[in-house]
Amino acid sequence: MQPEKLLLIPGPTPVHPRIINSLSLPTVSHVSSVLIREMKEALTNLKRIVFSQRGEPFVISGAGTLAMEMAVLNTIKKDERLLVLSQGYFGARMAKIAQSFGLEFDIVDSPWGEAVPAEKLERKISEREYAAVVSTHVDTATGACAPVKDYGYLLKGKEILFIIDGVCATGGIEERMDDWGVAVILTAAQKCFGAPPGLAILVLSEEAMARRKEMNSIPAYYSDLLNWLPIMKDPSKYFSTPCVNEIRAFCESTRIIIEEGLDNRFRRHARTAQAIRAALDRLGFSLFTHKSYLADTISVVNYPPGVEDKEFRQRLSQKGVVVAGGLGPLAGKVFRVGHMGNLSTAQVYFALQALEATLAEMGYKFEKGSGLEAAQVVLEVEG
Ligand code: PMP
(Lines give C-alpha, C1' and ligand atoms only; values in the text may rest on other atoms or scores of the structure.)
Protein backbone atom coordinates (compact mmCIF):
# COMPACT_ATOMS: atom_id res chain seq x y z
CA MET A 1 0.00 0.00 0.00
CA GLN A 2 1.27 3.49 -0.87
CA PRO A 3 1.61 5.62 2.30
CA GLU A 4 -0.84 8.51 2.44
CA LYS A 5 0.77 11.92 1.99
CA LEU A 6 -0.34 15.38 2.97
CA LEU A 7 -0.97 17.30 -0.25
CA LEU A 8 0.23 20.84 0.24
CA ILE A 9 0.48 21.61 -3.44
CA PRO A 10 -1.71 24.50 -4.65
CA GLY A 11 -4.47 22.08 -5.54
CA PRO A 12 -5.72 19.45 -5.38
CA THR A 13 -5.85 20.07 -1.64
CA PRO A 14 -6.38 17.47 1.12
CA VAL A 15 -9.85 15.94 0.90
CA HIS A 16 -11.67 15.71 4.23
CA PRO A 17 -12.97 12.22 5.18
CA ARG A 18 -16.56 13.52 5.01
CA ILE A 19 -16.01 14.43 1.36
CA ILE A 20 -14.19 11.15 0.60
CA ASN A 21 -17.11 9.26 2.15
CA SER A 22 -19.68 10.95 -0.07
CA LEU A 23 -17.47 10.26 -3.09
CA SER A 24 -17.37 6.57 -2.23
CA LEU A 25 -21.14 6.06 -2.12
CA PRO A 26 -22.49 3.78 -4.89
CA THR A 27 -23.17 5.66 -8.09
CA VAL A 28 -26.84 6.65 -8.32
CA SER A 29 -28.83 7.60 -11.40
CA HIS A 30 -28.12 11.14 -12.54
CA VAL A 31 -31.87 11.80 -12.45
CA SER A 32 -32.55 10.12 -9.08
CA SER A 33 -34.20 12.09 -6.32
CA VAL A 34 -31.05 11.96 -4.19
CA LEU A 35 -28.89 13.50 -6.89
CA ILE A 36 -31.50 16.12 -7.77
CA ARG A 37 -31.65 17.12 -4.09
CA GLU A 38 -27.89 17.28 -3.65
CA MET A 39 -27.32 19.16 -6.90
CA LYS A 40 -29.89 21.76 -5.85
CA GLU A 41 -28.31 22.05 -2.42
CA ALA A 42 -24.81 22.42 -3.91
CA LEU A 43 -26.01 25.16 -6.28
CA THR A 44 -27.78 27.06 -3.48
CA ASN A 45 -24.68 26.82 -1.26
CA LEU A 46 -22.45 27.92 -4.13
CA LYS A 47 -24.43 31.14 -4.50
CA ARG A 48 -24.09 31.79 -0.77
CA ILE A 49 -20.33 31.21 -0.98
CA VAL A 50 -19.91 33.94 -3.61
CA PHE A 51 -22.55 36.22 -2.03
CA SER A 52 -24.87 36.18 -5.03
CA GLN A 53 -28.62 36.61 -4.59
CA ARG A 54 -29.90 36.31 -8.14
CA GLY A 55 -26.99 34.81 -10.09
CA GLU A 56 -27.18 31.54 -12.03
CA PRO A 57 -24.87 28.83 -10.69
CA PHE A 58 -23.40 26.09 -12.93
CA VAL A 59 -21.57 22.92 -11.90
CA ILE A 60 -20.32 20.93 -14.89
CA SER A 61 -17.88 18.03 -15.37
CA GLY A 62 -14.50 19.43 -16.31
CA ALA A 63 -11.98 21.60 -14.50
CA GLY A 64 -10.97 25.23 -14.06
CA THR A 65 -9.75 25.65 -17.63
CA LEU A 66 -13.15 24.63 -19.00
CA ALA A 67 -14.76 27.19 -16.67
CA MET A 68 -12.34 29.83 -18.07
CA GLU A 69 -13.40 28.96 -21.63
CA MET A 70 -17.08 28.95 -20.76
CA ALA A 71 -16.86 32.35 -19.07
CA VAL A 72 -15.51 34.15 -22.13
CA LEU A 73 -17.36 32.13 -24.79
CA ASN A 74 -20.71 32.88 -23.18
CA THR A 75 -20.25 36.60 -22.61
CA ILE A 76 -18.14 38.08 -25.41
CA LYS A 77 -19.24 38.49 -29.01
CA LYS A 78 -16.89 38.18 -32.00
CA ASP A 79 -16.81 41.93 -32.68
CA GLU A 80 -16.24 42.86 -29.04
CA ARG A 81 -13.01 43.21 -27.08
CA LEU A 82 -11.80 41.62 -23.85
CA LEU A 83 -9.27 43.09 -21.45
CA VAL A 84 -7.12 40.53 -19.62
CA LEU A 85 -5.43 41.66 -16.40
CA SER A 86 -2.63 39.19 -15.88
CA GLN A 87 -0.40 38.45 -12.89
CA GLY A 88 1.41 35.75 -14.82
CA TYR A 89 0.67 32.16 -15.68
CA PHE A 90 -3.12 31.93 -15.59
CA GLY A 91 -3.71 35.39 -17.08
CA ALA A 92 -1.55 34.26 -19.99
CA ARG A 93 -3.72 31.15 -20.24
CA MET A 94 -6.86 33.30 -20.41
CA ALA A 95 -5.26 35.26 -23.28
CA LYS A 96 -4.53 31.96 -25.09
CA ILE A 97 -8.15 30.90 -24.67
CA ALA A 98 -9.37 34.21 -26.12
CA GLN A 99 -6.93 33.79 -29.00
CA SER A 100 -8.09 30.20 -29.66
CA PHE A 101 -11.66 31.42 -30.16
CA GLY A 102 -10.58 34.36 -32.32
CA LEU A 103 -11.71 36.95 -29.75
CA GLU A 104 -10.17 40.41 -29.81
CA PHE A 105 -8.32 41.19 -26.59
CA ASP A 106 -5.68 43.34 -24.92
CA ILE A 107 -3.55 42.16 -22.07
CA VAL A 108 -2.10 44.19 -19.20
CA ASP A 109 0.68 42.31 -17.45
CA SER A 110 2.11 42.92 -14.03
CA PRO A 111 5.62 41.82 -13.10
CA TRP A 112 5.53 38.28 -11.65
CA GLY A 113 4.85 38.49 -7.91
CA GLU A 114 2.69 41.60 -8.27
CA ALA A 115 -0.79 42.39 -9.61
CA VAL A 116 -2.09 45.10 -11.95
CA PRO A 117 -2.93 48.21 -9.87
CA ALA A 118 -6.53 49.42 -10.18
CA GLU A 119 -5.28 52.76 -11.60
CA LYS A 120 -3.91 50.91 -14.64
CA LEU A 121 -7.32 49.37 -15.23
CA GLU A 122 -8.92 52.81 -14.92
CA ARG A 123 -6.55 54.22 -17.55
CA LYS A 124 -7.03 51.29 -19.90
CA ILE A 125 -10.84 51.45 -19.92
CA SER A 126 -10.72 55.20 -20.55
CA GLU A 127 -8.61 54.60 -23.69
CA ARG A 128 -10.65 51.88 -25.37
CA GLU A 129 -14.02 50.19 -25.34
CA TYR A 130 -14.18 46.77 -23.69
CA ALA A 131 -17.08 44.36 -23.37
CA ALA A 132 -15.45 42.56 -20.45
CA VAL A 133 -12.47 42.60 -18.12
CA VAL A 134 -11.09 39.36 -16.72
CA SER A 135 -8.67 38.95 -13.85
CA THR A 136 -7.21 36.00 -12.00
CA HIS A 137 -7.93 36.49 -8.30
CA VAL A 138 -4.87 34.56 -7.07
CA ASP A 139 -2.25 33.48 -9.58
CA THR A 140 -1.19 30.01 -8.54
CA ALA A 141 2.25 30.35 -10.13
CA THR A 142 3.27 33.65 -8.55
CA GLY A 143 1.14 33.67 -5.38
CA ALA A 144 -0.08 37.20 -6.21
CA CYS A 145 -3.57 38.21 -5.12
CA ALA A 146 -5.16 40.86 -7.35
CA PRO A 147 -7.21 43.75 -5.88
CA VAL A 148 -10.41 42.37 -7.41
CA LYS A 149 -12.64 44.33 -5.06
CA ASP A 150 -11.07 47.59 -6.33
CA TYR A 151 -11.44 46.43 -9.95
CA GLY A 152 -15.07 45.57 -9.24
CA TYR A 153 -15.88 48.97 -7.74
CA LEU A 154 -14.20 50.67 -10.70
CA LEU A 155 -16.23 48.72 -13.23
CA LYS A 156 -19.53 48.72 -11.31
CA GLY A 157 -22.31 50.54 -13.13
CA LYS A 158 -20.36 50.56 -16.42
CA GLU A 159 -21.37 48.44 -19.39
CA ILE A 160 -18.29 46.25 -18.88
CA LEU A 161 -18.66 42.74 -17.50
CA PHE A 162 -16.17 41.84 -14.79
CA ILE A 163 -15.04 38.20 -14.76
CA ILE A 164 -12.99 36.73 -11.91
CA ASP A 165 -10.95 33.54 -12.19
CA GLY A 166 -11.36 32.37 -8.61
CA VAL A 167 -9.82 28.93 -9.06
CA CYS A 168 -7.25 29.55 -6.30
CA ALA A 169 -9.51 31.76 -4.16
CA THR A 170 -13.26 31.02 -4.20
CA GLY A 171 -14.34 29.66 -0.83
CA GLY A 172 -11.07 30.64 0.86
CA ILE A 173 -10.84 34.39 0.19
CA GLU A 174 -13.84 36.72 0.14
CA GLU A 175 -15.50 37.27 -3.25
CA ARG A 176 -18.72 39.29 -3.05
CA MET A 177 -20.38 39.07 -6.43
CA ASP A 178 -23.35 41.38 -5.84
CA ASP A 179 -21.58 44.04 -3.74
CA TRP A 180 -18.56 44.28 -6.03
CA GLY A 181 -20.58 44.14 -9.28
CA VAL A 182 -18.97 40.91 -10.51
CA ALA A 183 -20.52 39.39 -13.65
CA VAL A 184 -18.89 35.96 -13.56
CA ILE A 185 -16.98 34.01 -10.96
CA LEU A 186 -15.39 30.89 -12.37
CA THR A 187 -13.66 28.29 -10.25
CA ALA A 188 -12.96 24.58 -9.73
CA ALA A 189 -13.58 22.00 -7.00
CA GLN A 190 -10.04 20.99 -6.08
CA LYS A 191 -8.73 24.05 -4.26
CA CYS A 192 -10.52 26.02 -1.56
CA PHE A 193 -13.57 23.74 -1.70
CA GLY A 194 -11.33 20.79 -0.80
CA ALA A 195 -13.19 18.42 -3.14
CA PRO A 196 -11.41 16.19 -5.67
CA PRO A 197 -10.73 17.65 -9.15
CA GLY A 198 -13.39 17.15 -11.81
CA LEU A 199 -15.71 20.16 -11.95
CA ALA A 200 -15.96 23.44 -13.81
CA ILE A 201 -17.90 25.82 -11.58
CA LEU A 202 -19.38 29.19 -12.52
CA VAL A 203 -21.85 31.74 -11.22
CA LEU A 204 -23.16 34.31 -13.71
CA SER A 205 -24.93 37.51 -12.70
CA GLU A 206 -28.25 38.48 -14.29
CA GLU A 207 -26.37 40.91 -16.57
CA ALA A 208 -23.97 38.18 -17.70
CA MET A 209 -26.87 35.79 -18.40
CA ALA A 210 -28.67 38.53 -20.33
CA ARG A 211 -25.53 39.01 -22.41
CA ARG A 212 -25.44 35.28 -23.26
CA LYS A 213 -29.12 35.35 -24.25
CA GLU A 214 -28.54 38.33 -26.55
CA MET A 215 -25.83 36.44 -28.40
CA ASN A 216 -28.06 33.83 -30.08
CA SER A 217 -25.55 31.17 -31.10
CA ILE A 218 -21.98 30.79 -29.89
CA PRO A 219 -19.22 28.53 -31.30
CA ALA A 220 -19.71 25.90 -28.60
CA TYR A 221 -22.01 23.05 -27.67
CA TYR A 222 -20.91 21.40 -24.41
CA SER A 223 -19.59 24.81 -23.29
CA ASP A 224 -22.79 26.64 -24.15
CA LEU A 225 -24.32 27.62 -20.81
CA LEU A 226 -27.77 27.86 -22.37
CA ASN A 227 -27.62 24.08 -22.90
CA TRP A 228 -26.91 23.68 -19.18
CA LEU A 229 -29.29 26.27 -17.78
CA PRO A 230 -32.41 24.00 -17.86
CA ILE A 231 -30.45 21.29 -15.99
CA MET A 232 -29.26 23.69 -13.30
CA LYS A 233 -32.85 24.90 -12.83
CA ASP A 234 -34.23 21.35 -12.81
CA PRO A 235 -31.56 18.63 -12.34
CA SER A 236 -34.07 15.92 -13.28
CA LYS A 237 -33.55 17.01 -16.91
CA TYR A 238 -30.78 15.62 -19.13
CA PHE A 239 -28.18 17.32 -21.30
CA SER A 240 -24.96 15.35 -20.71
CA THR A 241 -24.39 12.78 -17.96
CA PRO A 242 -23.04 14.56 -14.89
CA CYS A 243 -20.26 13.04 -12.74
CA VAL A 244 -22.66 11.88 -10.06
CA ASN A 245 -20.15 10.93 -7.36
CA GLU A 246 -18.11 14.10 -7.79
CA ILE A 247 -21.25 16.23 -7.52
CA ARG A 248 -22.18 14.51 -4.24
CA ALA A 249 -18.64 15.14 -2.96
CA PHE A 250 -18.85 18.78 -4.03
CA CYS A 251 -22.20 19.12 -2.29
CA GLU A 252 -20.61 17.84 0.93
CA SER A 253 -17.72 20.29 0.51
CA THR A 254 -20.18 23.20 0.28
CA ARG A 255 -21.99 21.96 3.41
CA ILE A 256 -18.69 22.04 5.29
CA ILE A 257 -18.10 25.63 4.13
CA ILE A 258 -21.56 26.78 5.18
CA GLU A 259 -21.24 25.00 8.55
CA GLU A 260 -17.89 26.66 9.21
CA GLY A 261 -19.33 30.04 8.24
CA LEU A 262 -17.83 32.17 5.51
CA ASP A 263 -16.27 34.81 7.76
CA ASN A 264 -14.73 32.13 9.97
CA ARG A 265 -13.41 30.34 6.94
CA PHE A 266 -11.82 33.46 5.44
CA ARG A 267 -10.29 34.29 8.84
CA ARG A 268 -8.94 30.75 9.20
CA HIS A 269 -7.30 30.96 5.77
CA ALA A 270 -5.71 34.30 6.68
CA ARG A 271 -4.44 32.99 10.03
CA THR A 272 -3.06 29.77 8.52
CA ALA A 273 -1.19 31.80 5.89
CA GLN A 274 0.20 34.05 8.59
CA ALA A 275 1.33 31.08 10.73
CA ILE A 276 3.08 29.31 7.84
CA ARG A 277 4.80 32.55 6.83
CA ALA A 278 5.90 33.25 10.42
CA ALA A 279 7.50 29.78 10.46
CA LEU A 280 9.19 30.24 7.09
CA ASP A 281 10.50 33.65 8.11
CA ARG A 282 11.95 32.25 11.36
CA LEU A 283 13.65 29.51 9.35
CA GLY A 284 15.30 32.11 7.11
CA PHE A 285 13.14 31.71 3.99
CA SER A 286 11.83 34.71 2.03
CA LEU A 287 8.70 34.91 -0.11
CA PHE A 288 8.76 35.42 -3.87
CA THR A 289 5.50 37.39 -3.91
CA HIS A 290 5.60 41.13 -3.21
CA LYS A 291 4.31 41.80 0.31
CA SER A 292 1.44 44.00 -0.92
CA TYR A 293 0.01 41.13 -2.95
CA LEU A 294 0.30 38.10 -0.67
CA ALA A 295 -2.60 35.64 -0.95
CA ASP A 296 -4.15 33.76 1.96
CA THR A 297 -4.30 30.54 -0.07
CA ILE A 298 -0.74 29.96 -1.28
CA SER A 299 2.87 30.90 -0.51
CA VAL A 300 5.59 30.96 -3.14
CA VAL A 301 8.86 30.56 -1.26
CA ASN A 302 12.40 31.38 -2.45
CA TYR A 303 15.05 28.74 -1.83
CA PRO A 304 17.92 29.99 0.30
CA PRO A 305 21.44 29.14 -0.93
CA GLY A 306 22.29 25.47 -0.38
CA VAL A 307 18.71 24.12 -0.57
CA GLU A 308 18.29 22.39 -3.90
CA ASP A 309 14.75 22.11 -5.29
CA LYS A 310 14.49 18.46 -6.35
CA GLU A 311 16.35 17.06 -3.34
CA PHE A 312 14.30 19.23 -0.94
CA ARG A 313 10.93 18.23 -2.38
CA GLN A 314 11.91 14.55 -2.59
CA ARG A 315 13.09 14.41 1.01
CA LEU A 316 10.02 16.30 2.21
CA SER A 317 7.77 13.93 0.29
CA GLN A 318 9.50 10.93 1.93
CA LYS A 319 8.47 12.48 5.23
CA GLY A 320 4.87 12.62 4.04
CA VAL A 321 4.43 16.19 2.77
CA VAL A 322 4.10 17.09 -0.90
CA VAL A 323 4.74 20.69 -2.03
CA ALA A 324 4.99 21.94 -5.64
CA GLY A 325 7.95 23.28 -7.59
CA GLY A 326 8.03 26.62 -9.39
CA LEU A 327 6.23 27.10 -12.71
CA GLY A 328 7.81 28.56 -15.87
CA PRO A 329 10.72 30.89 -15.11
CA LEU A 330 10.47 30.09 -11.38
CA ALA A 331 11.26 26.37 -11.84
CA GLY A 332 14.07 25.34 -9.48
CA LYS A 333 14.06 28.74 -7.74
CA VAL A 334 10.99 28.49 -5.52
CA PHE A 335 8.64 25.96 -4.01
CA ARG A 336 4.90 26.53 -3.73
CA VAL A 337 2.89 25.54 -0.71
CA GLY A 338 -0.90 25.59 -0.83
CA HIS A 339 -2.70 26.37 2.42
CA MET A 340 -6.34 26.33 1.47
CA GLY A 341 -9.48 24.28 1.80
CA ASN A 342 -10.04 22.21 4.90
CA LEU A 343 -6.45 22.20 6.16
CA SER A 344 -6.36 21.60 9.92
CA THR A 345 -3.99 23.04 12.52
CA ALA A 346 -2.67 19.51 13.14
CA GLN A 347 -1.83 19.19 9.43
CA VAL A 348 0.00 22.54 9.50
CA TYR A 349 2.08 21.41 12.48
CA PHE A 350 2.82 18.06 10.84
CA ALA A 351 3.99 19.86 7.67
CA LEU A 352 6.25 22.24 9.60
CA GLN A 353 7.80 19.38 11.57
CA ALA A 354 8.50 17.55 8.30
CA LEU A 355 9.96 20.75 6.84
CA GLU A 356 12.32 21.23 9.76
CA ALA A 357 13.39 17.56 9.68
CA THR A 358 14.08 17.83 5.94
CA LEU A 359 16.16 20.98 6.36
CA ALA A 360 18.15 19.41 9.21
CA GLU A 361 18.87 16.36 7.03
CA MET A 362 20.12 18.65 4.25
CA GLY A 363 22.58 20.36 6.61
CA TYR A 364 20.71 23.69 6.58
CA LYS A 365 21.48 25.80 9.67
CA PHE A 366 18.54 26.93 11.80
CA GLU A 367 17.33 26.75 15.38
CA LYS A 368 15.43 23.46 15.69
CA GLY A 369 11.78 23.86 16.63
CA SER A 370 11.80 27.60 15.97
CA GLY A 371 9.60 27.45 12.85
CA LEU A 372 6.97 25.38 14.56
CA GLU A 373 7.05 27.66 17.59
CA ALA A 374 6.52 30.76 15.42
CA ALA A 375 3.46 29.14 13.85
CA GLN A 376 2.10 28.11 17.25
CA VAL A 377 2.29 31.68 18.46
CA VAL A 378 0.04 32.77 15.58
CA LEU A 379 -2.38 29.88 15.79
CA GLU A 380 -2.66 29.45 19.57
CA VAL A 381 -1.57 32.66 21.29
CA GLU A 382 -2.60 35.41 18.86
CA GLY A 383 -5.44 33.37 17.31
N1 PMP B 1 -6.85 29.45 -12.89
C2 PMP B 1 -6.08 29.35 -11.81
C3 PMP B 1 -5.85 30.59 -10.98
C4 PMP B 1 -5.51 28.15 -11.43
O5 PMP B 1 -4.76 28.07 -10.35
C6 PMP B 1 -5.75 26.99 -12.23
C7 PMP B 1 -5.18 25.64 -11.86
N8 PMP B 1 -4.05 25.61 -11.13
C9 PMP B 1 -6.56 27.14 -13.35
C10 PMP B 1 -7.10 28.36 -13.65
C11 PMP B 1 -6.85 25.97 -14.24
O12 PMP B 1 -7.60 25.03 -13.55
P13 PMP B 1 -7.58 23.48 -13.94
O14 PMP B 1 -6.20 22.99 -13.71
O15 PMP B 1 -8.58 22.88 -12.99
O16 PMP B 1 -7.99 23.37 -15.36
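The values are calculated or read from the model by the stated rules, or taken from the named source; none is laboratory data. Just so we're clear, the structure is a prediction, and the values are computed from it rather than from any experiment. Note: ideal-geometry Cβ built from the backbone for every residue, glycine included; neighbour counts use all protein chains shown. Accessible surface areas use protein heavy atoms only, side chains included; no ligands, DNA or RNA. Shrake-Rupley method; radii C 1.70, N 1.55, O 1.52, S 1.80 Å.
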Fill in the blank from the handout: For residue 125 and residue 99, extending 7 Å from Cα along the Cα-Cβ vector and measuring point to point gives, in nm, a value of 2.6 nm
Problem - Cβ crowding within 10 Å averaged over residues, with 327-336, 268-277 ranked highest first - result: 268-277, 327-336
Exercise for the section: Provide the FRET efficiency to the nearest 0.05 for the residue 222-residue 370 pair, computing r from the beta carbons and using R0 = 51 Å. Expected result: 0.45
Handout entry: Of 220, 346, 278, the one that fluctuates the most in a GNM where the chain has Cα springs shorter than 10 Å
Key = 346
Handout entry: Over 28 Å between alpha carbons, listed pairs 5/310; 47/149; 291/319; 5/96; 5/233
Key = 291/319; 5/96; 5/233
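In the range 17-260, how does Rg compare with the Kirkwood Rh, expressed as the Rg/Rh ratio over alpha carbon atoms?
On the way: Rg = 17.3 Å, Rh = 18.0 Å.
Reported Rg/Rh, Kirkwood definition of Rh: 0.96.
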Practice task
Please give the per residue volume of the convex hull enclosing the alpha carbon atoms of the range 75-192, rounded to a whole number of Å³.
Solution key: 96 Å³
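Sort 106, 178, 139 from largest to smallest accessible area, using a 1.4 Å probe on the heavy atoms of the protein chains. It would help to have the intermediate numbers written out before the result.
Values: 106 25, 178 65, 139 0 Å².
Descending order: 178, 106, 139.
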Completion exercise
Checking 305, 235, 147 against a Gaussian network model of the chain (alpha-carbon springs below 10 Å), the top fluctuating residue turns out to be 305
Exercise for the section: Give the relative contact order (percent, whole number) for the range 194-324; include only Cα pairs under 8 Å separated by 6+ residues. Expected result: 16 percent
Completion exercise
Relative contact order as a percentage, the chain, C-alpha pairs under 8 Å and 6+ apart, gives 24 percent
Handout entry: In sequence order, calculated HN-Hα J values of the range 30-42 (Karplus, 6.51, -1.76, 1.60; Hz; x Gly/Pro)
Key = 5, 10, 6, 4, 5, 6, 4, 5, 6, 5, 4, 5, 4
Fill in the blank from the handout: Computed, not fitted: 222 nm per-residue ellipticity of the chain from DSSP H runs ≥ 4 (each -39500 (n - 2.57)), nearest 500, equal to -12500 deg cm²/dmol
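For the range 39-101, give the percent of accessible area contributed by carbon and sulfur heavy atoms, probe 1.4 Å, rounded to a whole number. Write down the numbers at each step before the final one.
On the way: 1070 of 2250 Å².
Reported share for carbon and sulfur atoms: 48 percent.
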Problem - Chain lengthening between residue 237 and residue 346 when straightened (0.36 nm per residue, less Cα-Cα) - result: 34.9 nm
Practice task
Nearest 5 is fine: what % of DSSP beta bridges in the chain come out antiparallel, could you say?
Solution key: 50 percent
Practice task
Filter the trypsin sites (Lys or Arg not before Pro) in the range 154-248 to those in DSSP coil with at most 16 other Cβ atoms within 10 Å of their Cβ, and list the result.
Solution key: 156, 158, 176, 237
Completion exercise
Any trypsin sites (Lys or Arg not before Pro) in the range 70-140 that lie in a DSSP loop and have at most 10 other Cβ atoms within 10 Å would be 128
Handout entry: Residue-normalised accessible area of the range 97-246, given per residue in Å² at a 1.4 Å probe
Key = 38 Å²
Handout entry: Of all accessible heavy-atom area on the range 191-251, the percent that carbon and sulfur account for (1.4 Å)
Key = 54 percent
Fill in the blank from the handout: Measure of exposure for residue 293: accessible area at 1.4 Å probe, Å² rounded to 10, is 40 Å²
Handout entry: Pair residue 292, residue 159: separation of 7 Å Cα→Cβ label points (nm)
Key = 3.3 nm
